[in-house]
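Structure first, commentary second.
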Amino acid sequence: MNYRHAFHAGNHADVLKHIVMLAMIDALKHKDSPFFVLDTHAGRGRYLLSAEESRKTAEIDDGVLRLMTTPSLPEVVEQYLRAVQADNPVGALISYPGSPLLAARALREQDRMAACELQKDEVAALKQLFAHDRRVQVHAGNGYEAIRAFIPPKSGETKIGRALVLIDPPYEVQDAEYPQIISTLREILTRMPQAQCAVWYPIKQRRTLQPFFRKAASLPAKSALITELMVRPDDSPLRLNGSGMLLLNPPWQFEKVLAPALPVLKQYLGETGASTRMEWLKTPE
């Protein structure tokens, strides 16, 4: 696997993904009982913006940096920006926190998390990052194959009744990735029907995603919601024109939480022809 997220940290796709993820964790915190977060493709957890990879693409310039100086944003966006800023000195942005770090910092004392990663150097960075956080377990291995080890979750011998599974693979071979995602989601829901799942997916040309959406709608989840940000028209298969999140069993009325963010992301992150979409593939029962 050659993918390195350091080239893309803080771009428009990360903005959407992390706004959604943090909002889902926030909803889980409305109850006192513990919950578990599983990040199947965790990366290294923190990305220095002075690194060669980040400077080479400068994707963050058209991502989170456009929001940092924007006043009066919706609370769901402000919550995300506060989480990003918390990993940096006041008034500066020298690093971007990845999904596992953002998630871990949103956990409470009773909550637990597992971060899975295949690449050895990324695993080493994760282990260093969470060396003193007993709530977080770093798993060196395939996140898809780790489902049976972590779902349903436990803390010691105590079962944890709520879980959020974040699936954010590199999509190096897209034709092979989508069937794997569907199979993994089916296994998660078989093992823990109430689990919440959040799947990030890239959009080059949306029509190619229709088979994935049809299969996702047939999964044994109570509901399925997609939310998308297109920063430009989906008229080229050669570039990332946008991205989306497939949410299975999302929190009650979660669409109302996310809705205020979409026009803001379109306005500040989009180019000519930008668009957003939120649609139920399976309406809540």
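The values are calculated or read from the model by the stated rules, or taken from the named source; none is laboratory data. Here the structure is a predicted model, which is why all the values come from computation and not from measurement. Counting neighbours? That spans all protein chains shown, and the Cβs are built from the backbone with ideal geometry, glycine included. To get the accessible areas, we keep the full protein, side chains included, count just its heavy atoms, and leave off ligands, DNA and RNA. Shrake-Rupley method; radii C 1.70, N 1.55, O 1.52, S 1.80 Å.
Brief remarks follow.
- Only listed residue being within 14 Å of the chain's Cα centre (by Cα), among the small types (Gly, Ala, Ser), at pLDDT 90 or above and farther than 22 Å from ALA125 by Cβ, chosen from ALA23, ALA13, ALA27: ALA23
- Yes/no for GLU228 being of a type outside the set (Val, Ile, Thr), crowded, with 17+ Cβ neighbours inside 10 Å and within 29 Å of THR184 (Cα to Cα): yes
- Some residue of segment 239-250 being more than 18 Å from VAL199 (Cα to Cα) and modelled with pLDDT under 95: yes
- Residue within segment 160-183 that is open to solvent by 60 Å² or more (accessible area, probe 1.4 Å), of a type in the set (A, V, I, L, M), in contact with a strand residue (DSSP E or B) (Cβ under 8 Å, 6 or more places away or on another chain) and farther than 14 Å from VAL37 by Cα present: no
- Only a single item in (1) open to solvent by 30 Å² or more (accessible area, probe 1.4 Å); (2) under 19 Å from PRO74 (Cα atoms) is not met by ALA27, and it is number (1).
- Given (1) on the phi < 0 side of the Ramachandran plot; (2) open to solvent by 20 Å² or more (accessible area, probe 1.4 Å), index of the condition SER72 fails: (1)
- Output for segment 11-37, where each listed residue is of a type outside the set (A, V, I, L, M, F, W, C) and either in a loop (DSSP other than H, G, I, E, B) or touching a Pro at 6+ places or on another chain (Cβ under 6 Å) (or both): ASN11, LYS29, HIS30, LYS31, ASP32, SER33, PRO34
- Strands (runs of 3 or more DSSP E) completely within segment 50-155 that count 2 or more residues being within 19 Å of the chain's Cα centre (by Cα) and in contact (Cβ under 8 Å) with a residue 40 or more places away in the chain: 95-97, 112-117
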